[in-house]
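Asker: Here you go, one structure.
The values are calculated or read from the model by the stated rules, or taken from the named source; none is laboratory data. Given the structure is predicted, the values throughout are model-derived calculations rather than measurements. So basically every Cβ, Gly included, is an ideal-geometry build from the backbone, and we count neighbours across all protein chains shown. The area values use the complete protein model at the heavy-atom level, side chains included, leaving out ligands, DNA and RNA. Shrake-Rupley method; radii C 1.70, N 1.55, O 1.52, S 1.80 Å.
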Amino acid sequence: MAKILITGGAGYIGSHVVNLLKNSNHELIIYDNLSTGRLESVVSGKLIHGELEDLEKLEGLISSEQFDACIHFAGSIIVPESVSDPLKYYYNNTKNTLDLINLCVKFRVNNFIFSSTAAVYGMSEDGVCSEDSSLNPISPYGKTKLMSEWMLEDLAKANQDFNYVALRYFNVAGASLDGKVGQCSPHSTHLIKLACEAALGKREKLSIFGDNYETKDGTCIRDYIHTDDLALAHGNALDYLLNGGDSQVLNCGYGEGYSVKEVVETVKSVSGVNFPVEIAPRRSGDPVMLVSKAEKIREVLNWSPKYNDLELIVRTAFEWERNFKG
Ligand SMILES: NC(=O)c1ccc[n+]([C@@H]2O[C@H](COP(=O)([O-])OP(=O)(O)OC[C@H]3O[C@@H](n4cnc5c(N)ncnc54)[C@H](O)[C@@H]3O)[C@@H](O)[C@H]2O)c1
């Protein structure tokens with residue numbers, strides 16, 4: 001049994017990981033300010049309502065609990081907002097991560113799992129990114145995450161006891177198969193969530209940003225990963241680190257791409273609703289295609305995802321959204 005600190009465990013992805021880890025014998029302590037997370041999403045463990053920037057409180061917790069590992073989800077995640085308010089992102093994602101890592105080092109929490117993102121790649125040449133592809137984040141959001149990765153990389157080189165796994169998530173979607181947790185995030189920009197909202201009449205229409213890209217149907221292509229498979233990747237990463245694994249940076253995706261139009265058609269067919277769709281101008285900084293090379297995580301963590309099925313992803317997201325009264 002291990003004692004795990006989970007920052008941001010009341011949020012979308014963190015709640016799926018808590019939902020998975022409740023079946024382990026680990027003790028879970030969730031630290032979250034509930035700014036975008038929800039109390040109801042914490043299905044197991046002990047929730048401590050706190051700000052990452054409240055260093056007195058955070059140090060009090062970390063110094064007293066002797067954690068074996070930290071999984072760090074807490075952060076700000078809306079890409080367009082990071083463009084209009086970059087300092088909020090450098091503060092919450094980079095500065096707060098630095099402070100957290102510092103406390104982990106000080107109190108020898110030497111296993112660290114970090115929520116990174118495919119946004120660190122930016123515009124790659126062919127749209128298929130391996131962990132070794134060049135890193136050119138376009139948005140401040142992507143830059144704040146890459147800076148955090150660099151801090152971890154340099155720290156792990158300098159401190160032999162400290163190991164981390166940075167997981168670069170591609171497009172996260174869906175809700176847990178058991179129906180316990182799903183996406184509640186306010187102001188979400190996630191396509192599948194927005195399309196489900198449009199199908200349920202929670203929004204008037206869905207916008208597709210650009211339909212004249214050089215792809216099969218003119219819309220952008222992304223790699224969608226189901227939240228329960230992503231949660232499993234965290235469970236595997238935790239086992240790996242607790243068993244003495246060394247530091248890794250790993251893509252989390254299926255290695256398959258779907259166009260925006262294909263996703264919209266899937267939501268229409270799953271929901272049975274032909275909701276209005278408008279073609280809006282391209283958004284600056286949207287890569288045409290962003291798909292993972294997904295072999296390394298399978299090799300290193302023995303990750304075997306079970307829900308690589310766009311229709312299933314959409315169905316779980318739609319069912320969740322239908323019951324969600326947020
Ligand atoms: N959702 C995605 O598609 C996606 C893709 C790539 C990476 N990520 C990363 O995964 C992580 C989790 O994302 P999510 O989709 O679950 O987002 P989310 O907004 O649902 O969850 C973030 C959680 O962190 C908490 N939080 C934020 N700032 C905090 C602070 N200063 N102190 C304490 N708690 C704080 C929020 O209340 C929330 O519960 C983020 O770091 C995000 O950058 C998400």
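Asker: For Ser134, are the conditions met, namely being more than 15 Å from the ligand (Cβ to nearest atom), more than 27 Å from Asp99 (Cα to Cα) and open to solvent by 50 Å² or more (accessible area, probe 1.4 Å)?
Answerer: Numbers: more than 15 Å from the ligand (Cβ to nearest atom): yes; more than 27 Å from Asp99 (Cα to Cα): yes; open to solvent by 50 Å² or more (accessible area, probe 1.4 Å): yes.
Answer is yes for this residue.
Asker: Another question, then. Looking at Thr227, is it farther than 20 Å from Lys216 by Cβ and in contact (Cβ under 8 Å) with a residue 40 or more places away in the chain?
Answerer: Details: farther than 20 Å from Lys216 by Cβ: yes; in contact (Cβ under 8 Å) with a residue 40 or more places away in the chain: yes.
Taking the combined requirement at face value, the residue satisfies it.
Asker: Find the residue count for region 102-116, including only residues that are open to solvent by less than 10 Å² (accessible area, probe 1.4 Å), of a type in the set (Val, Ile, Thr) and assigned to a helix (DSSP H, G or I).
Answerer: Qualifying residue count, region 102-116: 0.
Asker: Further question: Restricting the search to region 87-99, which residues are out of contact with any helix residue (DSSP H, G or I) (no Cβ under 7 Å at 6 or more places or on another chain) and either open to solvent by 30 Å² or more (accessible area, probe 1.4 Å) or touching a residue at least 60 places away in the same chain (Cβ under 8 Å) (or both)?
Answerer: Let us first name the residues in region 87-99 that are out of contact with any helix residue (DSSP H, G or I) (no Cβ under 7 Å at 6 or more places or on another chain), namely 87-88, 91-92, 95-96.
The answer is Leu87, Lys88, Tyr91, Asn92, Lys95.
Asker: Select from region 206-226 the residues that are in contact with a helix residue (DSSP H, G or I) (Cβ under 6 Å, 6 or more places away or on another chain) and part of a loop (DSSP other than H, G, I, E, B) and write down the one among them that is farthest from Val172 (Cα to Cα).
Answerer: Once the filter is applied, the top-ranked residue is Asp217.
Asker: Further question on the same structure: Which of the residues belonging to region 17-66 are part of a strand (DSSP E or B) and either within 14 Å of the ligand (Cβ to nearest atom) or crowded, with 21+ Cβ neighbours inside 10 Å (or both)? Before you say what the answer is, go through the steps one by one.
Answerer: Narrowing region 17-66 to residues part of a strand (DSSP E or B): 27-32, 46-49.
Those that are part of a strand (DSSP E or B) and either within 14 Å of the ligand (Cβ to nearest atom) or crowded, with 21+ Cβ neighbours inside 10 Å (or both): Leu28, Ile29, Ile30, Tyr31, Asp32, Leu47, Ile48, His49.
Asker: Taking interchain pairs and intrachain pairs at least six residues apart, which have beta carbon atoms under 6 angstrom, with the first residue in region 32-46 and assigned by TED's automatic domain parsing to the domain that holds His16 and the second near the ligand (Cβ under 6 Å from one of its atoms) and open to solvent by 50 Å² or more (accessible area, probe 1.4 Å)?
Answerer: Pairs that qualify, where the first residue is assigned by TED's automatic domain parsing to the domain that holds His16 and the partner is near the ligand (Cβ under 6 Å from one of its atoms) and open to solvent by 50 Å² or more (accessible area, probe 1.4 Å), are Asn33/Glu51.
Asker: If you don't mind, another one. Any idea which of Tyr213, Tyr254 is over 21 Å from the mean Cα position of the chain (by Cα) and open to solvent by less than 60 Å² (accessible area, probe 1.4 Å)?
Answerer: On the way: Tyr254 fails: over 21 Å from the mean Cα position of the chain (by Cα).
Unique residue meeting the criteria: Tyr213.
Asker: Does any residue of region 198-205 turn out to be under 19 Å from Ile77 (Cβ atoms) and open to solvent by 20 Å² or more (accessible area, probe 1.4 Å)? Steps first, answer last, please.
Answerer: Initial filter on region 198-205 (under 19 Å from Ile77 (Cβ atoms)): none.
No, every residue in region 198-205 fails to be under 19 Å from Ile77 (Cβ atoms) and open to solvent by 20 Å² or more (accessible area, probe 1.4 Å).
Asker: Further, regarding this structure: Could you say which residue among Ala237, Ala231 is assigned by TED's automatic domain parsing to the domain that holds Asp154 and in contact with a His (Cβ under 8 Å, 6 or more places away or on another chain)? Can you show your working first?
Answerer: Details: Ala237 fails: in contact with a His (Cβ under 8 Å, 6 or more places away or on another chain).
Selected residue: Ala231, the only one of Ala237, Ala231 that is assigned by TED's automatic domain parsing to the domain that holds Asp154 and in contact with a His (Cβ under 8 Å, 6 or more places away or on another chain).
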